[in-house]
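Enquirer: I'd like to ask some things about the structure below.
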Amino acid sequence: MVKVVFYAGYLNLWAPDFTFQDKLPHGFALLLCISLGSLLSGIAVSEIPLGSKLSVGESTSWVSSNGDFAIGFYNFPDQPKQFSVGIRFNSKSVPVNKQTVVWVAGGDVTVGNNSYFQLQENGELVLFDALQGEEVWTSKTSQLSVALAVLRDDGNLVLLNENRDVIWQSFDSPTDTLLPGQRLSTFRTLRAASQNYVSSLYSLYMNVSGQLQLKWESSIIYWSAGRPSHSNLSAVLTSDGSLQLVAPNLERFWSVFGEDHNDTVRFRFLRLDVDGNLRLYSWMEVSQTWRSVWQAVENQCNVFATCDQQGICAFNASGSHVCTCPFHHAVQSNSKCLVSSQHDCKPGSIMVEHANMFLYGIYPVHDFISRTSLDKCKSMCLSDPSCTAVTFTNDGSAKCRMMKTQYVSGYSDPSLSATSFVKRCSDPLAADPIFPLKSPPQAHKEPYNICIPCLVGAASGTIFVFIVIQLGMGFYLYKRKNNYRRLASLAHSRPGSKCLIMLSFTEIKELTGNFNDQIGPKMFKGALPDKQPVAVKELEGTIEARKFRAAVSKVGSIYHKGLAKLEGYCCEFNHRYLVYEYAENGSLEKYIENPTLAERLTWRKRMDISINVGRAIFYLHTECREFLCHGNLECENVVLDENFEAKVKEFGLGMLYGEASSRRASAQKDVEDFGKMVLTLVSGFKEVKDVLDWAYKEWMEGHPENVVDKRLKNEVDAEELECALRITFWCLQADERVKPSMGEVVKVLEGTLPADPPPPPFSCLISAREVEDTSESGSEV
């Protein structure tokens, strides 16, 4: 909840109870503090003449001509007497408490009362702090013949000369945000906003090799995009919701898309948030909120030092990321979670085990890493007086990470293949105390009788109670572990998240009702604990675990509205399962085979399905970070949602079976499979190889309507039919050299690219391989 407080001519938006979760995007701590004068008395000006001034305490601001952006003074709730100058959203369609700041003069620079921001007569923008009596930031343009300033409609503050050439612009010196059209060029940096008077250590950096990197301090890179092979690239946010790496000639080398890519959205921005994550935000007119439609690091716990000195990142019961201090004997001072120092540990030290936890040192960040066994890793720390903790990674790498600092952070998750040990002093009371031995008093010895039945009864009762207790504890621990894993899974599957759920085989059986509802070959319907329906695909258990995890990680990072989203997976012992989003209307195959259902596939729907599937395959071939083919495109692997929108599933599974082929050959395989699918949609025949020659003959003789599925009514568009058949026959050409790309296929189906009459697909042609073989043998063709 946000409280609005007016005072001294300024609007202060106060967000009480600021917690770790408030560092996440919905917190929007930066929205808070906007000058009342900027809100109520902004002046829409197309030009800002030399000598113009904005002052703390005055109700003035500079506004873009369209009114969407304004620049003026604002302050933070925790710094009521400190002010900054910034550009913010100013549109009337965005409520005051949602008008976030997108650029700040000088970054973290603040000034006191009676300070001012001025475009001086010499053409230099100056921020003057009245408390210090000096300029704290300037544009350094006094010698560049600046004639005026303009706050443009895209939020860019520019200084122009008499010829209207741009001399300086705010887009070239970003703070923590990029607006559409703004570029982050080589060596430029975004830095997250400061907190509690301390500058952030998180930055987004464009390096000289063409990689976009998220960094902590200057040495830790925890996320990167692009390949280190292209120089002079820039990161740019497009107006349609895409973050791209482009060359000066606008050639695109990498891109990622928000969930609302190509949707009509009036305002967007990309921001490096205070929690170290890079997010793309879109303004939702209906809900009147900023919505995160993409983030660089899906699991917040994977952001380096996301908890800083507050402990370990983990999931709470509601599935949110929280910071906890699991070290029971840690030093907790001033809300810091520090590992105990061992310098004055007279009783000796012990190693406390923390399963499924990965630790690393901060301040400094340089851990000592070696390859050894778990026991050796543990003993190395125990014997080293300067060691405070170690983490052993038991995923096959056998890495031992030794920390020698009290400042330790990390993350915990039931799926982590890592075990950590934290050193602490031994409790002196836990050791056997050494006391002078005294002779026990001599008791008076008397003969006594032993009650044998009593002893047997007591022993039996003790054993029975012990067994009951053990069974109870085992059941409790099992349920606790199962619930914790389920909560962790829920955290990854919350709405808007693209994280993969890692499930055990037991959980797979539970969510499918012990595989009770089969909806296809080795495909079962199920439901996640939050009642979200899913489709579970069983794969061969012989697939190598490491290869399987690598493949699902790659496939799980891909999002497109024409691709069925991979929700999670199971990789346990000899069990391999994929969990997809559930499509209400099932596979396209059953609609082709069932005469009753086929009637629901109108001509319009069939063409829409063809176009949507084509766009999805085109996305896999060209829009992903790396080329990806489907490899097995057929009607069975196309599903229809509740609106009969087509989604392609089981893409990229060729990686699981080691199907290695060239990029060109893989793309051509998808093109051929797509041609078969379109012919199936047009003709209604599943096995198109049996009807291909006949279909081509009917088309050549001027009777394309004979190829159309007889279950369709008189609703076929003759022009669309002609385009569909032409591109189908081109896709099915035996000569791979003449096959079109998926981009060309989509354009033909969309009607934006004409297609020439194709030759016969299988006759009167010699494949490229046959030509090469014939040439080598010296034969004439």
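Enquirer: Would you check if there is a residue in the range 259-267 being part of a loop (DSSP other than H, G, I, E, B), in contact (Cβ under 8 Å) with a residue 40 or more places away in the chain, open to solvent by less than 30 Å² (accessible area, probe 1.4 Å) and over 27 Å from P414 (Cα atoms)?
Expert: There is at least one residue in the range 259-267 that is part of a loop (DSSP other than H, G, I, E, B), in contact (Cβ under 8 Å) with a residue 40 or more places away in the chain, open to solvent by less than 30 Å² (accessible area, probe 1.4 Å) and over 27 Å from P414 (Cα atoms).
Enquirer: Continuing with this model, one more query. Could you identify the single residue in S340, S335 that is at pLDDT below 85 and open to solvent by less than 40 Å² (accessible area, probe 1.4 Å)?
Expert: Values: S335 fails: open to solvent by less than 40 Å² (accessible area, probe 1.4 Å).
Step by step, each of S340, S335 is checked, and only S340 is at pLDDT below 85 and open to solvent by less than 40 Å² (accessible area, probe 1.4 Å).
Enquirer: Moving on. Taking E251 as the residue in question, decide whether it is in contact with a Leu (Cβ under 7 Å, 6 or more places away or on another chain), surrounded by fewer than 20 Cβ atoms within 10 Å (Cβ to Cβ), modelled with pLDDT under 90 and not small (G, A, S). Even if it seems obvious, please write down each step before you answer.
Expert: Numbers: in contact with a Leu (Cβ under 7 Å, 6 or more places away or on another chain): no; surrounded by fewer than 20 Cβ atoms within 10 Å (Cβ to Cβ): yes; modelled with pLDDT under 90: yes; not small (G, A, S): yes.
Criteria not met by E251.
Enquirer: Which of the residues belonging to the range 386-413 are of a type in the set (S, T, Y), open to solvent by 20 Å² or more (accessible area, probe 1.4 Å) and more than 30 Å from C571 (Cβ to Cβ)?
Expert: Scanning the range 386-413 gives S386, Y407.
Enquirer: Further, regarding this structure: Collect the residues in the range 171-210 that are assigned to a strand (DSSP E or B) and farther than 15 Å from L233 by Cα, keeping them in residue-number order. Step through it out loud before you land on a result.
Expert: First, pick out the residues of the range 171-210 that are assigned to a strand (DSSP E or B): 177-178, 183-184, 189-191, 195, 198, 202-206.
Once the filter is applied, which keeps residues that are assigned to a strand (DSSP E or B) and farther than 15 Å from L233 by Cα, the range 171-210 yields T177, L178, L190, R191, Q195, V198, Y202, S203.
Enquirer: crowded, with 21+ Cβ neighbours inside 10 Å, over 19 Å from F358 (Cβ atoms) and of a type in the set (S, T, N, Q): is that true of S282 in this structure? Show your work before the answer.
Expert: Numbers: crowded, with 21+ Cβ neighbours inside 10 Å: yes; over 19 Å from F358 (Cβ atoms): yes; of a type in the set (S, T, N, Q): yes.
Yes.
Enquirer: With the structure loaded, tell me whether W62 is surrounded by 21 or more Cβ atoms within 10 Å (Cβ to Cβ) and farther than 23 Å from L272 by Cβ or whether it fails that test. Full working, then the answer.
Expert: Numbers: surrounded by 21 or more Cβ atoms within 10 Å (Cβ to Cβ): yes; farther than 23 Å from L272 by Cβ: yes.
Yes: the conditions hold for W62.
Enquirer: Next up: Tally time: how many residues in the range 175-201 are touching a strand residue (DSSP E or B) at 6+ places or on another chain (Cβ under 6 Å) and either buried (at least 21 other Cβ atoms within 10 Å of the Cβ) or acidic (D, E) (or both)?
Expert: Final tally of qualifying residues: 8.
Enquirer: Out of the residues in the range 73-116 that are among the small types (G, A, S) and under 15 Å from T60 (Cα atoms), which is farthest from the chain's Cα centre (by Cα)? If you could, list the steps in order and put the result at the bottom.
Expert: Here is the first cut: in the range 73-116, the residues among the small types (G, A, S) are 84, 86, 91, 93, 105-107, 112, 115.
Filter again for under 15 Å from T60 (Cα atoms), leaving 84, 86, 115.
Values: S84: 32, G86: 29, S115: 42 Å.
Applying the filter and picking the extreme gives S115.
Enquirer: Answer yes or no: is there a residue in the range 572-582 that is touching a strand residue (DSSP E or B) at 6+ places or on another chain (Cβ under 6 Å), under 18 Å from N637 (Cβ atoms) and not in a strand (DSSP E or B).
Expert: Among the residues of the range 572-582, at least one is touching a strand residue (DSSP E or B) at 6+ places or on another chain (Cβ under 6 Å), under 18 Å from N637 (Cβ atoms) and not in a strand (DSSP E or B), which makes the answer yes.
Enquirer: Something else about it: In the range 647-662, how many residues are modelled with pLDDT under 75 and open to solvent by 20 Å² or more (accessible area, probe 1.4 Å)?
Expert: 7
Enquirer: Which one of F524, F548, F515, F573 is open to solvent by 60 Å² or more (accessible area, probe 1.4 Å) and of a type in the set (F, W, Y)? Can you show your working first?
Expert: Details: F524 fails: open to solvent by 60 Å² or more (accessible area, probe 1.4 Å); F548 fails: open to solvent by 60 Å² or more (accessible area, probe 1.4 Å); F515 fails: open to solvent by 60 Å² or more (accessible area, probe 1.4 Å).
Exactly one residue qualifies, and that residue is F573.
Enquirer: Does the range 93-110 contain any residue that is hydrophobic (A, V, I, L, M, F, W, C), surrounded by fewer than 22 Cβ atoms within 10 Å (Cβ to Cβ) and part of a helix (DSSP H, G or I)?
Expert: Yes - at least one qualifying residue is present in the range 93-110.
Enquirer: Right, something else. Within the range 27-76, can you find the residues that are of a type in the set (S, T, N, Q), at pLDDT 50 or above and not in a strand (DSSP E or B)?
Expert: Filtering the range 27-76 for residues of a type in the set (S, T, N, Q) gives 35, 38, 41, 46, 52, 55, 59-61, 64-66, 75.
Applying the additional criterion that residues be at pLDDT 50 or above yields 46, 52, 55, 59-61, 64-66, 75.
Hits for the range 27-76 are S46, S52, S59, T60, S61, S64, S65, N66.
Enquirer: Restricting to the range 666-676, give me the number of residues that are open to solvent by less than 10 Å² (accessible area, probe 1.4 Å), out of contact with any Pro (no Cβ under 8 Å at 6 or more places or on another chain) and of a type outside the set (F, W, Y).
Expert: Of the residues in the range 666-676, the ones open to solvent by less than 10 Å² (accessible area, probe 1.4 Å) are 670-671, 674-675.
Imposing the further condition that a residue be out of contact with any Pro (no Cβ under 8 Å at 6 or more places or on another chain) reduces the set to 670, 674-675.
Those left that are additionally of a type outside the set (F, W, Y): 670, 675.
Total satisfying the criteria: 2.
Enquirer: Further question on the same structure: Kindly indicate which of K605, K561 is part of a helix (DSSP H, G or I) and open to solvent by 40 Å² or more (accessible area, probe 1.4 Å). Even if it seems obvious, please write down each step before you answer.
Expert: Numbers: K561 fails: part of a helix (DSSP H, G or I).
Of K605, K561, the one residue that is part of a helix (DSSP H, G or I) and open to solvent by 40 Å² or more (accessible area, probe 1.4 Å) is K605.
Yes or no, residue by residue, for (1) farther than 23 Å from E720 by Cα; (2) in contact with a His (Cβ under 8 Å, 6 or more places away or on another chain); (3) not in a strand (DSSP E or B):
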site	(1), (2), (3)
I592	no, no, yes
S610	no, no, yes
C629	yes, yes, yes
K647	no, no, no
F651	yes, yes, yes
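Enquirer: Same structure again: Name the single residue that is most open to solvent (accessible area, probe 1.4 Å) among those in the range 620-636 being touching a strand residue (DSSP E or B) at 6+ places or on another chain (Cβ under 9 Å) and modelled with pLDDT of 85 or more.
Expert: E636
Enquirer: If I ask for residues that are open to solvent by less than 10 Å² (accessible area, probe 1.4 Å), within 15 Å of the chain's Cα centre (by Cα) and under 12 Å from V303 (Cα atoms), which ones from the range 211-237 would you list?
Expert: L214
Enquirer: Residues in the range 761-777: is at least one modelled with pLDDT of 50 or more and more than 38 Å from the chain's Cα centre (by Cα)?
Expert: First, the residues of the range 761-777 that are modelled with pLDDT of 50 or more: 761-762.
This time we only want the ones that are more than 38 Å from the chain's Cα centre (by Cα), so: 761-762.
Yes: one or more hits.
Enquirer: Being assigned to a helix (DSSP H, G or I) and not basic (K, R) is the filter here; which residues of the range 612-627 pass it? Steps first, answer last, please.
Expert: So in the range 612-627, the residues assigned to a helix (DSSP H, G or I) come out as 612-622.
Selection gives N612, V613, G614, A616, I617, F618, Y619, L620, H621, T622.
Enquirer: Out of all the residues in the range 467-487, is one or more within 14 Å of Y577 (Cβ to Cβ), modelled with pLDDT of 60 or more and not polar (S, T, N, Q)? Write out each step before concluding.
Expert: To start, the set of residues in the range 467-487 that are within 14 Å of Y577 (Cβ to Cβ) comprises none.
Checked against the condition, which is being within 14 Å of Y577 (Cβ to Cβ), modelled with pLDDT of 60 or more and not polar (S, T, N, Q), the range 467-487 yields no hits at all.
Enquirer: Which count do you get for residues in the range 115-134 that are surrounded by fewer than 14 Cβ atoms within 10 Å (Cβ to Cβ) and either part of a strand (DSSP E or B) or in contact with an Asp or Glu (Cβ under 9 Å, 6 or more places away or on another chain) (or both)?
Expert: 1
Enquirer: W223 - would you say it is in a strand (DSSP E or B) and farther than 29 Å from S412 by Cα? Break it down into steps so the answer makes sense when it comes.
Expert: Details: in a strand (DSSP E or B): yes; farther than 29 Å from S412 by Cα: no.
The answer is no for W223.
Enquirer: Take the residues in the range 677-703 that are of a type outside the set (A, V, I, L, M) and surrounded by 20 or more Cβ atoms within 10 Å (Cβ to Cβ); name whichever of them is nearest to G631 (Cα to Cα). Talk me through it step by step, then tell me what you get.
Expert: Residues of the range 677-703 that are of a type outside the set (A, V, I, L, M), as a first pass: 680, 683-687, 689-690, 693-694, 696-699, 701-703.
Cutting the leftovers down to surrounded by 20 or more Cβ atoms within 10 Å (Cβ to Cβ) gives us 680, 683-684, 696, 699.
Working: T680: 18, S683: 23, G684: 22, Y696: 25, W699: 29 Å.
Of everything passing the filter in the range 677-703, T680 is nearest to G631 (Cα to Cα).
Enquirer: Something else now. Looking at (1) farther than 30 Å from C624 by Cα; (2) basic (K, R); (3) open to solvent by less than 70 Å² (accessible area, probe 1.4 Å), can you tell me which one R164 breaks?
Expert: (3)
The values are calculated or read from the model by the stated rules, or taken from the named source; none is laboratory data. Everything numeric here is computed off the predicted structure, so don't read it as measured data. Neighbour counts are summed over all protein chains in view; Cβ atoms, including those assigned to glycine, are modelled from backbone coordinates with ideal geometry. These area figures cover heavy atoms from the full protein model, side chains too; ligands, DNA and RNA do not enter into them. Shrake-Rupley method; radii C 1.70, N 1.55, O 1.52, S 1.80 Å.
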